[in-house]
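S.K.: Got a structure for you, questions after.
The values are calculated or read from the model by the stated rules, or taken from the named source; none is laboratory data. Given the structure is predicted, the values throughout are model-derived calculations rather than measurements. All Cβ positions, even for glycine, are placed from backbone atoms using ideal geometry, and neighbour counts span all protein chains on display.
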Amino acid sequence: MSNIDPSTILTQRTDQTVIVDVREADEFASGHVPGAINVPLSELVARHQEIPDGAYLICQTGSRSAMATEFLNANGQHVTNILGGTSAWPEALAV
């Protein structure tokens, strides 16, 4: 499974970088990475086609995004888990 440190993605991020937050909608609403889209883990199987190859997945601590990354990679998509999740995100979260 591919992983990336939050500080590393910040230095590599471009306007085309897609970050997908797999937390539930209420968690996402309480604070998320600016520009991230929300596809909750509970909806991932039904909505996996919305996640483009090359996307980065995040949750609060990295556990749910790791599970989502494993699922998507096992099903032919190429995504990367953000280690430590929003708890480790070094910038302010959007609300």
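S.K.: Would you please list the contacts, defined by Cβ atoms under 6 Å and residues six or more apart or on different chains, that run from a residue in region 2-13 that is within 21 Å of N73 (Cα to Cα) to a residue that is exposed (fewer than 13 other Cβ atoms within 10 Å of the Cβ)?
M.R.: As it stands, the answer is P6/P90, since those pairs meet every condition given.
S.K.: Say whether the condition of being farther than 14 Å from W89 by Cβ, touching a helix residue (DSSP H, G or I) at 6+ places or on another chain (Cβ under 8 Å) and touching a residue at least 24 places away in the same chain (Cβ under 8 Å) is met by at least one residue in region 31-38.
M.R.: Within region 31-38, none of the residues are farther than 14 Å from W89 by Cβ, touching a helix residue (DSSP H, G or I) at 6+ places or on another chain (Cβ under 8 Å) and touching a residue at least 24 places away in the same chain (Cβ under 8 Å).
S.K.: Right, here's the next one. May I ask you to verify whether S63 is farther than 15 Å from L93 by Cβ, in contact with a strand residue (DSSP E or B) (Cβ under 7 Å, 6 or more places away or on another chain) and either of a type in the set (V, I, T) or surrounded by fewer than 17 Cβ atoms within 10 Å (Cβ to Cβ) (or both)?
M.R.: Working: farther than 15 Å from L93 by Cβ: yes; in contact with a strand residue (DSSP E or B) (Cβ under 7 Å, 6 or more places away or on another chain): no; either of a type in the set (V, I, T) or surrounded by fewer than 17 Cβ atoms within 10 Å (Cβ to Cβ) (or both): yes.
Judged against the criteria, S63 is not a match.
S.K.: Which residues, taken from region 68-95, are of a type in the set (A, V, I, L, M), in contact with a strand residue (DSSP E or B) (Cβ under 9 Å, 6 or more places away or on another chain), part of a helix (DSSP H, G or I) and more than 16 Å from D5 (Cβ to Cβ)? Spell out the reasoning first.
M.R.: Of region 68-95, the ones of a type in the set (A, V, I, L, M) are 68, 72, 74, 79, 82-83, 88, 92-95.
Those left that are additionally in contact with a strand residue (DSSP E or B) (Cβ under 9 Å, 6 or more places away or on another chain): 68, 72, 79, 82-83, 88, 93-95.
When the remaining residues are screened for being part of a helix (DSSP H, G or I), the result is 68, 72, 88.
Answer for region 68-95, where residues must be of a type in the set (A, V, I, L, M), in contact with a strand residue (DSSP E or B) (Cβ under 9 Å, 6 or more places away or on another chain), part of a helix (DSSP H, G or I) and more than 16 Å from D5 (Cβ to Cβ): A68, L72.
S.K.: For region 1-60, name all the residues that are within 13 Å of the chain's Cα centre (by Cα) and on the phi > 0 side of the Ramachandran plot.
M.R.: Matches in region 1-60: G35, G54.
S.K.: Separate question: Of the residues in region 1-40, how many are part of a loop (DSSP other than H, G, I, E, B), exposed (fewer than 15 other Cβ atoms within 10 Å of the Cβ) and among the hydrophobic types (A, V, I, L, M, F, W, C)?
M.R.: Looking only at that region, the number is 1.
S.K.: Something else about it: Here is a list of conditions, (1) closer than 17 Å to H78 by Cβ; (2) at pLDDT 95 or above, and L41 meets all of them except one; can you say which number that is?
M.R.: Tallying (1) closer than 17 Å to H78 by Cβ; (2) at pLDDT 95 or above, L41 fails exactly one: (1).
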